[in-house]
Amino acid sequence: MSLLDNYDLFIFDWDCTLSSSTAPVNFIHLLKKDFKFRYARSHPERYRGNVDLRTVEIEEEGSPIISAMYSFYTFFFRPKLKPAAIEALRSLKARRKKIAIFSDSLVNRLFRETRAAKADGYVDAIISAEAIKHYKPDPTGILLAMDRLHVNKKRTLYLGDTASDILTARFAGVDSCGVADGLDTYENLKGAGATYVVRDLGEFIGLLKKSPGRRPRHTNIYKR
């Protein structure tokens, strides 16, 4: 039995998890990530997902002004998918798994980047925290993806590259996989309570093919 047998829905963060993102975006995330993690650990009562999902609407397109600004921005900074990202998405789709993206990215940027990278063709739902006005580590985006795709918590895995992503999954009550070639280190992701930690998406693909209850020799994969 592989990791694929444990889950029906795989939800990915976008920046620095599936996408290599860009220097300005990474800088902004670096400024925010430690503060968000410390605040959430100190005030967990704010992030319990007590939201009526029936009232949450997903805004799929943002301001045309911001869209024009982003078009100018991407002339100088072009985000790319990480190595093995498409292979990971394709592997999941081949097994008829459901895939979603939940990111703090701005609506315009998230939809334009996923389309440009041709990742949207593999994804069943794309949710921007800006679009629903609930930012990580608030778990509303994860809960909404599960609700819209009709998958329960025990069959959902959230993948992200920061400790805040791991907390988001914990607040949602789902398992998590830290991807350690992003903004946070392997040890930070492990310390945040990730169910699994992999060095990169290539290692995640390997994990999909192996039993999660066994730790193969010569691997850095961590399972809590």
Are there any pairs with C-beta distances below 7 angstrom linking a residue in region 69-89 that is part of a helix (DSSP H, G or I) to a residue that is modelled with pLDDT of 75 or more and among the β-branched types (Val, Ile, Thr), with the two at least 6 apart or on different chains, and if so which? 87/205; 88/205; 89/99
Candidates 124, 165, 181 - the one that is out of contact with any Phe, Trp or Tyr (no Cβ under 9 Å at 6 or more places or on another chain) and touching a residue at least 60 places away in the same chain (Cβ under 8 Å): 181
Given the structure, is residue 112 assigned to a helix (DSSP H, G or I) and at pLDDT 90 or above? no
Report, by residue number, each residue of region 191-224 that is at pLDDT 85 or above and assigned to a loop (DSSP other than H, G, I, E, B). 192, 193, 194, 195, 199, 200
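The values are calculated or read from the model by the stated rules, or taken from the named source; none is laboratory data. Source: prediction; values computed, not measured. Cβ: placed from backbone, ideal geometry, glycine included. Neighbour counts: every protein chain shown.
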